[in-house]
């Protein structure tokens, strides 16, 4: 309850804690609902880009590729504007569903995309230990 109130008051730092609590307590749907809510929030995306990136990486570490892609495809969503490298990361993971999309990333973006993929794979590997 504390975390939800904090998030409502735009204390977005509470978001990471609540996502992990939900996920670790087998409440993945609550975590996804929360992600959906904040990823549609213009204030969040404009002011908390680093945290937004963390939320998206959290989703990808937990292999929520299709969910993340669906967030990018929602009409009026600002994710493409603020989180474009993550879109190409999703395209990399969903090569079969998005053939050739990853290759569309420009050289500047591709380096960032590759670094994000490396980070995601490292976190996944550490979680398996």
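Based on this model, can you work out whether residue 45 counts as at pLDDT 90 or above and part of a helix (DSSP H, G or I)? I'd like the intermediate steps shown before the answer.
Details: at pLDDT 90 or above: no; part of a helix (DSSP H, G or I): yes.
The answer is no for residue 45.
Name the one entry in 95, 124, 42 that is surrounded by 12 or more Cβ atoms within 10 Å (Cβ to Cβ), on the phi < 0 side of the Ramachandran plot and in contact (Cβ under 8 Å) with a residue 12 or more places away in the chain.
On the way: 95 fails: in contact (Cβ under 8 Å) with a residue 12 or more places away in the chain; 42 fails: surrounded by 12 or more Cβ atoms within 10 Å (Cβ to Cβ).
124 is the lone residue from the list that is surrounded by 12 or more Cβ atoms within 10 Å (Cβ to Cβ), on the phi < 0 side of the Ramachandran plot and in contact (Cβ under 8 Å) with a residue 12 or more places away in the chain.
Identify all residues within segment 64-92 that are touching a residue at least 24 places away in the same chain (Cβ under 8 Å) and farther than 20 Å from residue 108 by Cα; write none if there are none.
Once the filter is applied, which keeps residues that are touching a residue at least 24 places away in the same chain (Cβ under 8 Å) and farther than 20 Å from residue 108 by Cα, segment 64-92 yields 64, 65, 66, 67, 69, 71, 74, 77, 78.
Give segment 39-78 a look and list any residue that's touching a helix residue (DSSP H, G or I) at 6+ places or on another chain (Cβ under 8 Å) and farther than 24 Å from residue 92 by Cα, or say none.
44, 46 - these are the residues of segment 39-78 that are touching a helix residue (DSSP H, G or I) at 6+ places or on another chain (Cβ under 8 Å) and farther than 24 Å from residue 92 by Cα.
Residue 69 fails exactly one of the following numbered conditions: (1) surrounded by 12 or more Cβ atoms within 10 Å (Cβ to Cβ); (2) under 16 Å from residue 16 (Cα atoms). What is the number of that condition?
All conditions are met except number (2).
Being over 26 Å from residue 29 (Cα atoms) and at pLDDT 95 or above: is that true of residue 101 here?
no
Every residue, every condition in (1) outside any helix (DSSP H, G or I); (2) farther than 23 Å from residue 117 by Cα; (3) modelled with pLDDT under 85, yes or no:
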| position | (1), (2), (3) |
| --- | --- |
| 26 | yes, yes, yes |
| 29 | no, yes, no |
| 37 | no, yes, no |
| 63 | yes, no, no |
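For segment 98-121, enumerate the residues that are under 16 Å from residue 54 (Cα atoms) and either touching a strand residue (DSSP E or B) at 6+ places or on another chain (Cβ under 6 Å) or touching a residue at least 24 places away in the same chain (Cβ under 8 Å) (or both).
112, 113, 116, 117, 119, 120 - these are the residues of segment 98-121 that are under 16 Å from residue 54 (Cα atoms) and either touching a strand residue (DSSP E or B) at 6+ places or on another chain (Cβ under 6 Å) or touching a residue at least 24 places away in the same chain (Cβ under 8 Å) (or both).
Just to be sure I understand, how many residues within segment 79-104 are within 29 Å of residue 20 (Cβ to Cβ), over 13 Å from the mean Cα position of the chain (by Cα) and not in a helix (DSSP H, G or I)?
Here the count works out to 4.
The values are calculated or read from the model by the stated rules, or taken from the named source; none is laboratory data. What you are looking at is a predicted structure, and each value in this text was computed from that prediction instead of being measured. Every residue, glycine as well, gets a Cβ built from its backbone with ideal geometry; the counts of neighbours run over all protein chains shown.
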